[in-house]
Amino acid sequence: MPPLPFRPPAQMVLAADARLTDTPPDDDHVWALHAAWGERDALALVTTYGLRVQSMALFPFVVREGQPRWAAPAFARLPQVHDLAPAYARLTCEPFPDLALHCEYWVAHPNAVIGRLTLENRAAAPRTGTLGLAAVLRPFTDAEHGMAPQERHAVHVLQGEAGGLQPVVFLTGGAEAVLSPFPSLTVDFDLPVEGRRRLTWVQTALADAEAGFELARKLAARPWPPFLARLALLENQHPRLESTPPARTWAFLRARQTAQSLLARLPGLPRPFLLTARSPDHGSPADPLALNRAASVLEAYHLAVSAFLPTNPQPVQGWVAAFLARQEADGFIPWRPAQPESHRLASPLLVELAYRAYAHDPAGLAGLYRPLHRFIEAWYARGDANRDGFPEWSHPLQMGLADLPGFAPWRRDSVGADLAQAESPALYALLYRALGRLETLAEAAGETPPPDLRTRRRRLRQAVAAMWDAHRRAPLYRDYETHERPPHLTLGKHRGPGTLAIAETFPLPSRVVVHLFPEGGQVVPATVTLRGSDARGKPLEETLSGGRIRWHEGRGVAVSRGVFRHLATVTVEGEKLRSRSRFVVLTPDYTTPDISLLLPFWAEMLEDDAAQAVRRALVSAREYGRPYGAPLSPRGGQKAAPWRRAVHMPWNLFAVEGLLAHGFVAEAAHLLESLAAAAQGALAAQGTFAETYHADTGEGMGGRDVLGGLLPVGLWLRTAGIVPVNPHRVRFTWPTPFEEEMRVSFWGWHIRRSPGRTLITTPDGETRTLTTPEPCEVEIAP
């Protein structure tokens, strides 16, 4: 890999690698390496030990002729990244001209980090000076103290106390400890021409300083070559992509490294699983969201396709095993395996995830059929509220899109209808694909697929066809009981508590939504009573109160369970409702499009003309074809709220896969380029990936370095027509649609692919050149 610039505000997360060591979620010290940090703009490795302290920062510095250099912007040559893995980084910089400083970082233990500092004299004359490592600890309370010089067993160290920890910093080479201008360990150097000096340092943070010192001495003696050799073998299983612009290569590398760093060992799960985020503020006993950060099926699928499949399926198989380990007797699997008490079913996407994880493992495929068949049966038993053969989502979070435009009561500009009362084309698409995969799995297991698999698939396809809206170029939601899509209406507004006369007969039977706005935005006890008649003309009265009213940011949302054909009156009562309170009466909004409605396109269940319509929607600048990716919803004009314009990477991944499945390769490449532009913009602006990105401006939104915001690097291979089959065979399916040359390495293969020419170096050293666009395979002897 060519060296990549590491300039402010660039940063990278380093954490213990679950492939090599334990990573307990409640005692996992995660670090961030910053190109410039704090008042001193230092090249700093920083943590908070899971918010136990304000910060702990380690940074190197060099002093020559009385001039100290620790601020990377002041270096003669800015840092460059040479290698990056979940727990390892290697950088080079020049604090002074022709005096190179090589920095290596290795998080070898959940509570410790090792580093190597190597000075290299590239000048034509000897160099003298001082090499130091500073450690600045900032506790939360005055009763604690930062780092200070100490002597342990005749060795100078730095030691502090904060957050129930006693950090210790140790440096080899007979280091001296100083306190000013900051706590440091220093070693003088005298380098001849082309001379080198290497020092090893260790930082530990345990509850006992003596135990930390002993761990530091033990880790300082660990040999690096075996670790680096093993790491190289592991990294060889993950494609490494390079592109002509360094910013694109950096985005590829950061996405690859961040994806791998999200693996962790969670209690009760057989193999390392995924966390949705892993940052310096995580990983302490006080981290109440550790298990909530365990990934859902959608998040696992996104990461599997983005960074693991098809070259490294073993970790993905472990994720599938984690879900199946939580399966109940009736087939139920919780949506997050770290939350087995959850009442929400995992997404049917689990079947597709499992199928792809074991695609090249016939024995593994055979063993999947029965548990996954029971799982889909659970969807029809537990997930189908009215037993009509068409299941429903129970909550937007189960689906993986919390901010569905028509079903997000926590968003003030959403109607906030109940998703559990709607038929979702996205769910039907996932079930359709899952049922098809079950037929394949049954054959792999030597069993006869039950006839209801095909019957259900046919009914789902018919339902999606009936939900198709040609104007919006997508199938739309509809009511789960009536199978109708009544129009979205605002029926009336009322100030203060009281009764609002509606007297509205709906063209189609409809549910009713009431928005409550108490004076001052306070949550107050309230009762909503709806009176009217049902579809048969029989009187219908419904009272909503307590948990039936969902409160968010000063607004209460109540949704009827009953379906009204005629609504006569709406009464809102409550002792604490004042005269300036108000309420609004509406019907659900089933017509606002969102990106989940394109999932039938991914599942290949649309007719050709409908698939072409979705393609046009994905490239149209007025719909999903925005500069930085496909937004959550294309409607709303320039005044649309930012959350509606959010680009969600997992759902864009589905769009790319759908385009590829239908042969729209150029369109898939264009969408990937848009996503890369968004990711590169966030890395340049804030040094990290964002959780989502604004489709029109590219601005990063939400959390940082969150799983759902990672660039789907793996799709670049597939879109470029590169399909790794096994370590001895690679398939080339179509000419690359990307204009710039792409360099890819995995399994010992090295591929340079550009329009009209592909140069291949196989693991056995043979070089081959492809110049024809026809599909072909390159194979070497096992």
Given Leu671, Leu711, Leu707, which one is in the same structural domain as Ala304 (by the TED database) and open to solvent by less than 30 Å² (accessible area, probe 1.4 Å)?
Leu671
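For (1) outside the structural domain of Leu397 (by the TED database); (2) crowded, with 20+ Cβ neighbours inside 10 Å; (3) at pLDDT below 95; (4) in a helix (DSSP H, G or I), each residue gets a yes or a no:
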| residue | (1), (2), (3), (4) |
| --- | --- |
| Leu303 | no, yes, no, yes |
| Val316 | no, yes, no, yes |
| Phe332 | no, yes, no, no |
| Gln339 | no, no, yes, no |
In the stretch 183-197, the residues that are free of Cβ contacts under 8 Å to residues at least 60 places away in the same chain and farther than 21 Å from Glu104 by Cβ:
Pro183
Candidate set: the stretch 190-211, residues that are open to solvent by 10 Å² or more (accessible area, probe 1.4 Å) and of a type in the set (A, V, I, L, M, F, W, C); chosen: the one nearest to Ala71 (Cα to Cα)
Val193
Among (1) open to solvent by 30 Å² or more (accessible area, probe 1.4 Å); (2) within 24 Å of Pro727 (Cβ to Cβ), the one test that Phe252 misses:
(1)
Candidate set from the stretch 62-87 (those that are touching a Lys or Arg at 6+ places or on another chain (Cβ under 9 Å) and within 15 Å of Glu39 (Cα to Cα)); member that is most open to solvent (accessible area, probe 1.4 Å)
Pro73
Would you check which residues across the stretch 475-490 are assigned to a strand (DSSP E or B) and open to solvent by 70 Å² or more (accessible area, probe 1.4 Å) and list them?
Thr490
Out of Pro600, Pro631, sole residue that is crowded, with 24+ Cβ neighbours inside 10 Å, part of a loop (DSSP other than H, G, I, E, B), modelled with pLDDT of 95 or more and not acidic (Asp, Glu)
Pro631
Do you know which residues across the stretch 111-128 are closer than 28 Å to Leu20 by Cβ and open to solvent by 10 Å² or more (accessible area, probe 1.4 Å)?
Asn111, Arg116
Can you pull out every residue in the stretch 1-19 that is farther than 13 Å from Arg278 by Cβ, assigned to a loop (DSSP other than H, G, I, E, B) and within 22 Å of the chain's Cα centre (by Cα)?
Pro9, Ala10, Arg19
Which of (1) open to solvent by less than 20 Å² (accessible area, probe 1.4 Å); (2) not assigned by the TED database to the domain that holds Leu500 does Gly554 not meet, given it meets every other one?
(2)
For Ala124: the one exception among (1) assigned to a loop (DSSP other than H, G, I, E, B); (2) without any contact (Cβ under 8 Å) to a residue 40 or more places away in the chain; (3) of a type in the set (A, V, I, L, M):
(2)
Number of the exception - Gly416 against (1) modelled with pLDDT of 95 or more; (2) in a helix (DSSP H, G or I):
(2)
Mind listing whichever residues of the stretch 16-50 are closer than 27 Å to Pro315 by Cβ and open to solvent by 30 Å² or more (accessible area, probe 1.4 Å)?
Arg19, Leu20, Thr21, Asp22, Pro24, Asp26, Asp27
So in the stretch 715-732, with the set limited to residues that are open to solvent by 40 Å² or more (accessible area, probe 1.4 Å) and in contact with a Gly (Cβ under 9 Å, 6 or more places away or on another chain), which one is farthest from Val778 (Cα to Cα)?
Pro727
Taking the conditions exactly as written (free of Cβ contacts under 8 Å to residues at least 40 places away in the same chain and touching a helix residue (DSSP H, G or I) at 6+ places or on another chain (Cβ under 7 Å)), does Arg461 satisfy them or not?
no
Kindly list the number of the only condition in (1) open to solvent by 10 Å² or more (accessible area, probe 1.4 Å); (2) in contact with a Lys or Arg (Cβ under 9 Å, 6 or more places away or on another chain) that fails for Leu131.
(1)
Could you please let me know if Leu401 is touching a residue at least 12 places away in the same chain (Cβ under 8 Å), out of contact with any helix residue (DSSP H, G or I) (no Cβ under 6 Å at 6 or more places or on another chain) and farther than 22 Å from Thr482 by Cβ?
no
In the stretch 138-170, what residues are buried (at least 17 other Cβ atoms within 10 Å of the Cβ) and touching a His at 6+ places or on another chain (Cβ under 8 Å)?
Pro139, Gly160, Glu161, Ala162
On the phi < 0 side of the Ramachandran plot, open to solvent by 60 Å² or more (accessible area, probe 1.4 Å), in contact (Cβ under 8 Å) with a residue 24 or more places away in the chain and not assigned by the TED database to the domain that holds Ala474: which single residue out of Lys576, Lys538 fits that description?
Lys576
Kindly list the number of the only condition in (1) in contact with a strand residue (DSSP E or B) (Cβ under 7 Å, 6 or more places away or on another chain); (2) open to solvent by less than 50 Å² (accessible area, probe 1.4 Å) that fails for Pro763.
(2)
Leu324 is checked against (1) open to solvent by 20 Å² or more (accessible area, probe 1.4 Å); (2) in contact with a Lys or Arg (Cβ under 8 Å, 6 or more places away or on another chain); (3) at pLDDT 95 or above and fails just one. What number does that condition carry?
(2)
Residue check for Ala417: over 24 Å from the mean Cα position of the chain (by Cα) and open to solvent by less than 10 Å² (accessible area, probe 1.4 Å)
yes
Among the residues that make up the stretch 453-474, is at least one of them at pLDDT 95 or above, more than 35 Å from the chain's Cα centre (by Cα), closer than 25 Å to His373 by Cα and open to solvent by 50 Å² or more (accessible area, probe 1.4 Å)?
yes
Filtering the stretch 571-595 down to residues that are assigned to a strand (DSSP E or B) and in contact with a helix residue (DSSP H, G or I) (Cβ under 9 Å, 6 or more places away or on another chain) yields Arg582
Strands (runs of 3 or more DSSP E) fully within the stretch 151-214 counting 3 or more residues that are charged (D, E, K, R):
196-206
Quick one: how many residues across the stretch 733-760 are modelled with pLDDT under 95 and either buried (at least 16 other Cβ atoms within 10 Å of the Cβ) or in the same structural domain as Ala676 (by the TED database) (or both)?
0
Would you check which residues across the stretch 59-92 are farther than 18 Å from Leu253 by Cβ and among the hydrophobic types (A, V, I, L, M, F, W, C) and list them?
Phe59, Phe61, Val62, Val63, Trp70, Ala71, Ala72, Ala74, Phe75, Ala76
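The values are calculated or read from the model by the stated rules, or taken from the named source; none is laboratory data. Everything numeric in this text was worked out from a predicted model, so none of it was measured. Note that we place each Cβ from the backbone using ideal geometry, even for glycine, and neighbour counts take in every protein chain shown. Ligands, DNA and RNA are stripped out before the accessible areas are found, and what is left, the full protein with its side chains, is counted by its heavy atoms. Shrake-Rupley method; radii C 1.70, N 1.55, O 1.52, S 1.80 Å.
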